Amino acid sequence: MENSKAKFTCEEAREIDLVDYLSSMGHLPVKIKGNDYWYLSPLRPEKTASFKVNRYINRWYDHGTAKGGNLIDFAVTYHNCTIKDLMESLQGNFSFHKPVFLFQPKGKLQNDGIEILGDYVPGSWQLVNYLKERHISCSVAQQYCREVQYRIAGRTYYAIGFKNDGAGYELRSANFKGSSSPKGITSIQMGGTEVAVFEGFFDFLSWLVVFDYTSQKPMNFCVLNSLSFFQNARRFLEQHEAIHLYLDNDPAGQNCRHEALKISAQYVDESNLYKGYKDLNEWHVNMGKAINNEKDFPEVLSAV
């Protein structure tokens, strides 16, 4: 009987981010300059890094052997296998490489033991798919987020990072929710007289997509990154003529919203927009604009 599981195609294999693929096998860059990631060659012994991956076009070149190409070209050479064998490996029938440690196992981690190694323009295959699942386009994410490389207990991971005013990061991937020190709010000033307030940065990114902020009057933004920072944020918030609250519809968010509305008439509750959903992003994913076309992901598609 024929396997009903969809086959992993060569086109899909070429879309896999080479930097992520190399990382999954324990190969990390020695240096990064722009879109160029330099490695000690995984294909031969060497002491000076001469193996380059250009992340923008998702291609590799080994200066020592004068050979290069896409992910398939690399993998069949590295594993000394056929393309058919590689496709079966990627399909999950067997594996040539070590387990992938790109993303932290499911759970939350607040500050403890997170070391930030670097941050880059979001572009890895897995993280772009994660953004797509949450209906956030790369064009929006690349303006306000970074792809953060971080280390926990000696292992390296990647996540979408959102920087706060203290230069700490909120870190999110499909399997991980955490943050690096220091924690705090993120204030974004766009020359507006009004401000929109969100608990988390995916609600903020959703707002930008839903309301096409480029066509709106200037609006400032505040992402609390935790409801515990609401009091700290008041000095910034109450400088504005109106404060639009897009807080979660859970008990904690409702309580914070109730207290804010008692403070001043400046505060305006906007949660009716996503009534019946936990937060703005959940409503957006279920009711809002789908993110699935070439316009939304130009850099990723151009690397294929």
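A few points about this structure:
- Top-ranked residue in segment 111-145 [being modelled with pLDDT under 90 and of a type in the set (A, V, I, L, M); ranked as nearest to LYS31 (Cα to Cα)]: LEU117
- Sole residue being farther than 28 Å from GLU15 by Cβ and not assigned by TED's automatic domain parsing to the domain that holds TYR21, chosen from ALA196, ALA141: ALA196
- Some residue of segment 62-72 being modelled with pLDDT of 90 or more, touching a Cys at 6+ places or on another chain (Cβ under 8 Å), within 20 Å of GLU15 (Cα to Cα) and not assigned by TED's automatic domain parsing to the domain that holds SER124: yes
- Qualifying positions in segment 33-59 - under 24 Å from the mean Cα position of the chain (by Cα) and at pLDDT 85 or above: ASP36, TYR37, TRP38, TYR39, LYS52, VAL53, ASN54, ARG55, ILE57, ASN58, ARG59
- Scanning segment 167-201 for residues that are under 26 Å from HIS244 (Cβ atoms), buried (at least 22 other Cβ atoms within 10 Å of the Cβ) and hydroxyl-bearing (Ser, Thr, Tyr) yields TYR169, SER179, THR186.
- Of all residues in segment 163-184, exactly one satisfies the criterion of being within 12 Å of the chain's Cα centre (by Cα), of a type outside the set (S, T, N, Q) and over 21 Å from VAL121 (Cβ atoms), namely LYS177.
- Options TYR158, TYR150: the member that is at pLDDT below 95, in contact with a helix residue (DSSP H, G or I) (Cβ under 7 Å, 6 or more places away or on another chain) and not basic (Lys, Arg): TYR158
The values are calculated or read from the model by the stated rules, or taken from the named source; none is laboratory data. In this text, all values refer to a predicted model and were calculated from it rather than measured experimentally. Here the Cβ is made from the backbone with ideal geometry for all residues, glycine too, and neighbour counts use every protein chain on show.
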